[in-house]
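Asks: What follows is a structure written as structure tokens; I'll ask about it next.
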Amino acid sequence: MNTINVGILGLGRVGASVGLALKRYNARKDARQKFNITGYDPLEASGVTARNQNAVDAVTRSLLDAASNKEILVLALPYRDVAAAYRLIGGEVRAGTVILDMSPLKQPSQQWATKYLKGEAFAIGVTPILNFKYLFDGTDDIEHAAADLFDDGHMLLMPHLEAPKEAVELAADLSEILGAAPHFADPAEHDVWVAATEGLPAALGVATFYGLVRRDGWNDARRAGNPSFGRLTHHLFDAHPDDVRDLLLNNRENVVRQLDATLETLHTLRDVLAQNDQKSLEGLLIDSAQAYQEWVARRQKGEWDDRTDGVKRESSTDLFMSGLFGSAVSKRLRGDKKSDE
């Protein structure tokens, strides 16, 4: 059985879950490769937790050690550390390394990869759309990592224009091993989506809490905090302020548009309540609830339209890689035992 060396840079919920999913694959009777996983996280405690969870085989305190001599790198660092990571590892990663960049925004990452990556190392933007069972849990820390976090979800892939098809195939095949169906997206369009689904919720949660703690009634109201309030404001618990800052500033034009549209809706809702307009409120709630139920149903099934790309992919069980840069690495990834002779 061939061994594929993987470095996971960032051992939060997503990074640790990648490790757990790869470990699950290792345990399969039909596994054709074994993934050997080295983890790194800026927080020593996260590394210890990941090791105790058996999400990684080894943990290093050196970002360079985690990135060196790896066929695959999973970049899941806190967002504030991503640019510095590209700068540090850009000239050190081996030729043929494929970096799966799970940062929340793709256009800045593509710019950093273009600027800092040297040689034949390629970054593929990757965004996991998680298992439906975790849609409403509202937590995003390593204690909630899970091997099935990606199961029955989707993996949005955004390769750089210069990435060879072999690197893209690797990203797609690894997505399937993790449990997610690969789909391709445009980086610019992706960042518009993220403004609506990540940036806007973060901004609203921060603004809500920021405003509440400055009001006279907060000392009493804080006693009534329950999961609804926790889900709204969770970014202040499980994300560093610098990560939220970069998520908003690096995508500020898209986030501002989302905030402007939401402010208009909030003004409308405010007027409806102020006027005690029950009919308008009921209409707003019913329309929203119907649209929301439709979204939840589609999200659960992963069915967004009736179109398909017409491409039939081979199962990752039958074929992990068709070849990586024509090197001995490709033969190892395909399971060609002769490559080691």
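The values are calculated or read from the model by the stated rules, or taken from the named source; none is laboratory data. These numbers were taken from a predicted model, which means no experiment stands behind them. Cβ placement follows ideal geometry from the backbone for every residue including glycine, while neighbour counts extend to all protein chains displayed. To get the accessible areas, we keep the full protein, side chains included, count just its heavy atoms, and leave off ligands, DNA and RNA. Shrake-Rupley method; radii C 1.70, N 1.55, O 1.52, S 1.80 Å.
Asks: With the chain treated as a Gaussian network of Cα nodes joined by springs under 10 Å, which of Ala188, Ala83, Ala289 yields the largest mean-square fluctuation?
Replies: Ranking Ala188, Ala83, Ala289 by mean-square fluctuation puts Ala289 first.
Asks: Right, something else. Given a 1.4 angstrom probe, what's the average accessible area per residue across the chain, in square angstrom?
Replies: 54 Å²
Asks: Could I ask something else about it? Taking a 1.4 Å probe, which of Lys34, Lys70 shows the most accessible area, and what order do the others take after it?
Replies: Numbers: Lys34 100, Lys70 15 Å².
My answer, sorted largest first, is Lys34, Lys70.
Asks: Something else now. Are there trypsin sites (Lys or Arg not before Pro) in the range 71-150 that DSSP marks as loop and that have at most 11 other Cβ atoms within 10 Å, and which are they?
Replies: Numbers: sites: Arg80, Arg87, Arg94, Lys106, Lys115, Lys118, Lys133; in loops: Arg94, Lys106, Lys118.
Counting only loop positions with at most 11 other Cβ atoms within 10 Å, the trypsin sites (Lys or Arg not before Pro) in the range 71-150 are Lys118.
Asks: I would also like to ask the following. Tell me the carbon and sulfur percent of the accessible area for the range 1-71, rounded to whole percent, probe radius 1.4 Å. Please report the intermediate quantities before stating the final value.
Replies: On the way: 1360 of 2860 Å².
In the range 1-71, the share of accessible area belonging to carbon and sulfur is 48 percent.
Asks: Quick one: putting +1 on the C-beta of Lys and Arg, -1 on the C-beta of Asp and Glu, what dipole do you get for the range 158-273 around its Cα centre, in Debye to the nearest 20? Numbers along the way, then the final one.
Replies: Working: 10 positive and 19 negative charges, 181 e Å.
Value, rounded to 20: 880 debye.
Asks: Please identify, among Phe229, Phe136, Phe35, the residue showing maximal mean-square fluctuation in a Gaussian network model of the chain using a 10 angstrom Cα cutoff.
Replies: Of Phe229, Phe136, Phe35, the Gaussian network model singles out Phe136 as fluctuating most.
Asks: Which of these, Asp305, Asp41, Asp271, has the largest mean-square fluctuation under a Gaussian network model of the chain (Cα springs below 10 Å)?
Replies: Judging by the Gaussian network model, the answer is Asp305.
Asks: Can you grab the distance from the C-alpha centre of the range 7-57 to the C-alpha centre of the range 164-197, Å, no decimals?
Replies: Centre-to-centre distance over Cα atoms comes out at 20 Å.
Asks: Go ahead and run the numbers for FRET between Ser288 and His240, Cβ-Cβ distance against an R0 of 25 Å, rounding to 0.05. Write down the numbers at each step before the final one.
Replies: Details: r = 32 Å, r/R0 = 1.29.
Efficiency computed from Cβ-Cβ geometry: 0.20.
Asks: Set the Förster radius R0 to 35 Å, insert the Cβ-Cβ distance between Asp30 and Arg231 as r into 1/(1 + (r/R0)^6), and round the FRET efficiency to 0.05. Write down the numbers at each step before the final one.
Replies: On the way: r = 39 Å, r/R0 = 1.11.
Rounded to the nearest 0.05, the efficiency is 0.35.
Asks: Now for a different question. Go ahead and collect, in residue order, the members of the range 108-146 whose backbone nitrogen is under 17 Å from a label point 7 Å along the Cα-Cβ direction of Lys301.
Replies: 132-133
Asks: Right, here's the next one. Which distance in Å, rounded to a whole number, links the C-alpha centroids of the range 114-158 and the range 271-296?
Replies: 33 Å
Asks: So how strong a dipole does the range 52-181 carry about its Cα centre when Lys and Arg Cβ are +1 and Asp and Glu Cβ are -1, to the nearest 20 debye?
Replies: Working: 10 positive and 19 negative charges, 132 e Å.
Magnitude of the dipole: close to 640 debye.
Asks: For Leu212, Leu88, Leu77, what's the largest-to-smallest order of accessible area, 1.4 Å probe? Please list the in-between numbers first.
Replies: Working: Leu212 40, Leu88 85, Leu77 15 Å².
If we order Leu212, Leu88, Leu77 from most to least accessible, we get Leu88, Leu212, Leu77.
Asks: Note down the nm distance, to one decimal, between modelled labels 7 Å out along Cα→Cβ at Val256 and at Glu162.
Replies: 3.1 nm
Asks: Can you give me the distance in nm between label points at Leu249 and Gln107, each placed 7 Å from the Cα along the Cα-to-Cβ direction?
Replies: Taking the simple label geometry, Leu249 and Gln107 are separated by 1.7 nm.
Asks: Positive end of the dipole of the range 162-270, charges at C-beta (+1 Lys, Arg; -1 Asp, Glu), about the Cα centre: which of Leu212, Thr265, Val192 has its Cα farthest in that direction?
Replies: Value: Leu212.
Asks: In terms of Cα to Cα distance under 15 Å, which aspartates and glutamates are near enough to Lys133, apart from those fewer than 8 places away along the same chain?
Replies: Asp148, Asp151, Asp152
Asks: Tell me, Kirkwood radius of the range 52-169 from alpha-carbon pair distances, in Å? Mind dumping the intermediate values first?
Replies: Numbers: mean 1/r = 0.0652 Å⁻¹.
Its Kirkwood hydrodynamic radius stands at 15.3 Å.
Asks: Can you pull the percent of the range 96-169's accessible area that's carbon plus sulfur, 1.4 Å probe, other chains left in place?
Replies: Details: 1700 of 3120 Å².
For the range 96-169, the apolar C and S fraction of the accessible surface comes to 54 percent.
Asks: Restricting attention to the range 129-233, which GluC sites (Glu not before Pro) occupy a DSSP loop and are surrounded by at most 12 other Cβ atoms within 10 Å? It would help to have the intermediate numbers written out before the result.
Replies: On the way: sites: Glu143, Glu162, Glu166, Glu169, Glu176, Glu189, Glu198; in loops: Glu162.
Answer by residue number: Glu162.
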